[in-house]
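Enquirer: My questions all concern the structure below.
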Ligand SMILES: Nc1ncnc2c1ncn2[C@@H]1O[C@H](COP(=O)(O)OP(=O)(O)OP(=O)(O)O)[C@@H](O)[C@H]1O
Ligand SMILES: [Mg+2]
């Protein structure tokens, strides 16, 4: 279980990115973190793995206080947290298999350890993970020969190789097409269920968040303004999270685009995001 108590962050520039965050994430729960640009979503994720130092508050993972760790202990704790980034952060000139294996190394010591051979059991596990994410056939390809969706799958396999308890995922679908975005979210969701993993997923696409998360937390200006199941995320609540102005400027969708979308909890933007490509009935 992950708990954040009174977590705040003020950057040295004076920007207050997080304010008194109280959050408990039970084991196995998939949480989507939504909110406008600058709300503090990435800062929150980075405070958890200490890529950013919180200015105040405590963060605990299964009772272990993360905020006071340093050196070797911090590296060990980070291995319990798999990071998946928008930009995939793969090493382009290395093979898919080598990129996945780099997940064994945690965040540091990569180049130092790379010259050594990996234990056979790590290679076998990396292969199993590549099979699971549908990329076993591409294990010898260079990472820069893959599509965006394939690269994200490698990123997911790499994060899982360190057997984390928690996945921290920052905009996994931001540069992917709608269909690939869904596939990636479904894969993350299924892997969390298979392995009993908790996840925090920062995501701009509200419809995807509603479809694939157990719980949605809405951040606005560094504060939690919504915390509940996807079904409770109403249009009014989205206005609270994202602000009126943004919704006012959203163009009305075409009538055909709102088909299959429950009207009670949907905003125009959400409806636009929710349209499957060439939806059944060929409405487009
Ligand atoms: N390294 C930094 N130094 C100074 N200020 C920062 C830094 N990183 C983020 N901020 C500020 O902190 C606030 C929150 O930023 P953050 O990146 O966490 O938002 P976000 O919700 O992830 O936004 P986006 O959706 O655009 O990714 C913003 O005001 C931002 O300008
Ligand atoms: Mg961000």
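Enquirer: Which value, to two decimals, describes the C-alpha radius of gyration of the stretch 1-87 once divided by 2.2 N^0.38 Å?
Expert: That works out to 1.06 for the stretch 1-87.
Enquirer: What ranking of 11, 242, 118 emerges when the number of other C-beta atoms within 10 Å of each C-beta is taken as an exposure proxy, fewest first?
Expert: Ranked by crowding around the Cβ, least crowded first: 11, 118, 242.
Enquirer: Would you mind computing Rg(Cα) / (2.2 N^0.38 Å) for the stretch 125-182, counting N as its residues?
Expert: Its radius of gyration relative to the 2.2 N^0.38 Å reference: 1.13.
Enquirer: Would you mind calculating the gained length between residue 147 and residue 223 on full extension (0.36 nm times residue separation, minus the Cα-Cα distance), in nm to one decimal? Present the calculation step by step, with values, prior to reporting the outcome.
Expert: Working: separation 76, 0.36 × 76 = 27.36 nm, distance 3.59 nm.
The span from residue 147 to residue 223 would gain 23.8 nm if fully extended.
Readers should treat all values here as calculations from the given coordinates under stated rules, not as data from a laboratory. Because the structure is a prediction, the values reported are computed rather than measured. All Cβ positions, even for glycine, are placed from backbone atoms using ideal geometry, and neighbour counts span all protein chains on display.
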